[in-house]
Amino acid sequence: MRIGGRTWIGASLAIGLLFGAGAVATAGQEDIVLTPAARGVTQVLTAAELAAWGRDRSDAGALIMAARLLAEVPVRQTEGETPFLTAASLLDEAAAMAGDNPGVVDAIDRLRDPLTRGVRSSMFGAGPVLTVKSLQARERWAFDVEARGGEVLRVAAIGDGDTNIDLVVRDARGAVVCRDGFGDHYPVCTVSPRAGGQMQVDIVNRGDVWTKVQVLSN
């Protein structure tokens, strides 16, 4: 992709992340259904990672691509705080990064209106459930989700970048079925239960300062 005379390879990175995540989630689980909403969680997570990649490299094109990925996924927001990772916010970041580069500014202006009007029809169905919450230093937040038998359950926590976030999923007996504590801002758990039932999700702020977290699940 070329924006403002600059070649950008972020599209290949984004496509690789999307296909890679899907392959890992379904390997050896051919009879487990990957729902559209679960794929939507993956795409939002990919957008967050691509945006972080672009920030590290001061690449406005990466943020524009991340905004496009994010805008494609409808979400069902529960009561909570205002999301901090949106297509509009990513385009604002890209515009600030672009400065007076006319090619990038023009690309942002052309994308902003259709991206921010919302999803009219989507391959992701109604989309994943979104909840936004502030967590104090070392705070733990637990909530329950209902897993459907034979369907992939995918939960992702997207931090605002201030601290590391851990994610743990436990079954109805309290046994840990997934843990992502790799010391990053974007933990994700994919569980493939053959029988449905209630599961508990734990989100932990491992840092010494408060942070905001966007949690998505299908």
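The values are calculated or read from the model by the stated rules, or taken from the named source; none is laboratory data. Just so you know, these numbers come straight off a predicted model, no measurement behind them. Neighbour counts run over all protein chains shown; Cβ positions are idealised from the backbone, glycine included. SASA here: full protein model, heavy atoms, side chains in, ligands and nucleic acids out. Shrake-Rupley method; radii C 1.70, N 1.55, O 1.52, S 1.80 Å.
On the stretch given as segment 180-195, residues that are open to solvent by less than 50 Å² (accessible area, probe 1.4 Å), modelled with pLDDT under 95 and within 16 Å of Glu146 (Cβ to Cβ) total 3.
Annotation: of all residues in segment 85-101 being open to solvent by less than 60 Å² (accessible area, probe 1.4 Å) and in a loop (DSSP other than H, G, I, E, B), the one that is modelled with the lowest pLDDT is Gly99.
Take segment 30-45 and flag every residue that is open to solvent by less than 50 Å² (accessible area, probe 1.4 Å) and outside any helix (DSSP H, G or I).
Ile32, Leu34, Thr35
Quick check: anything in segment 142-152 closer than 17 Å to Asn218 by Cβ, touching a Ser or Thr at 6+ places or on another chain (Cβ under 8 Å) and either open to solvent by 60 Å² or more (accessible area, probe 1.4 Å) or of a type in the set (Val, Ile, Thr) (or both)? Yes, that holds for at least one residue. Candidates in segment 46-69 are the residues that are within 12 Å of the chain's Cα centre (by Cα) and open to solvent by 20 Å² or more (accessible area, probe 1.4 Å); of these, the one that is nearest to Leu130 (Cα to Cα) is Glu49. Only residues that are within 17 Å of Met123 (Cα to Cα) and touching a Gly at 6+ places or on another chain (Cβ under 9 Å) were counted in segment 45-93, giving 6. Scanning segment 102-131 for residues that are charged (D, E, K, R) and part of a helix (DSSP H, G or I), we see that the one that is modelled with the lowest pLDDT is Asp113. Val177 - would you say it is open to solvent by 40 Å² or more (accessible area, probe 1.4 Å), touching a strand residue (DSSP E or B) at 6+ places or on another chain (Cβ under 7 Å), among the aliphatic types (A, V, I, L, M) and under 16 Å from Thr42 (Cα atoms)? When the stated conditions are applied, Val177 does not pass them.
Screening Asp109 against (1) under 22 Å from Thr211 (Cα atoms); (2) open to solvent by 70 Å² or more (accessible area, probe 1.4 Å); (3) out of contact with any strand residue (DSSP E or B) (no Cβ under 9 Å at 6 or more places or on another chain) leaves a single unmet condition, (1).
Against the criterion of being open to solvent by less than 20 Å² (accessible area, probe 1.4 Å) and without any contact (Cβ under 8 Å) to a residue 24 or more places away in the chain, Asp202 does not qualify. Residues of segment 172-185 that are part of a strand (DSSP E or B), within 18 Å of the chain's Cα centre (by Cα) and not small (Gly, Ala, Ser): Cys178, Arg179, Asp180, Phe182, Asp184.
When we screen Val213, Val169, Val209 for residues that are of a type outside the set (Asp, Glu), in contact (Cβ under 8 Å) with a residue 24 or more places away in the chain and not in a strand (DSSP E or B), the only hit is Val209.
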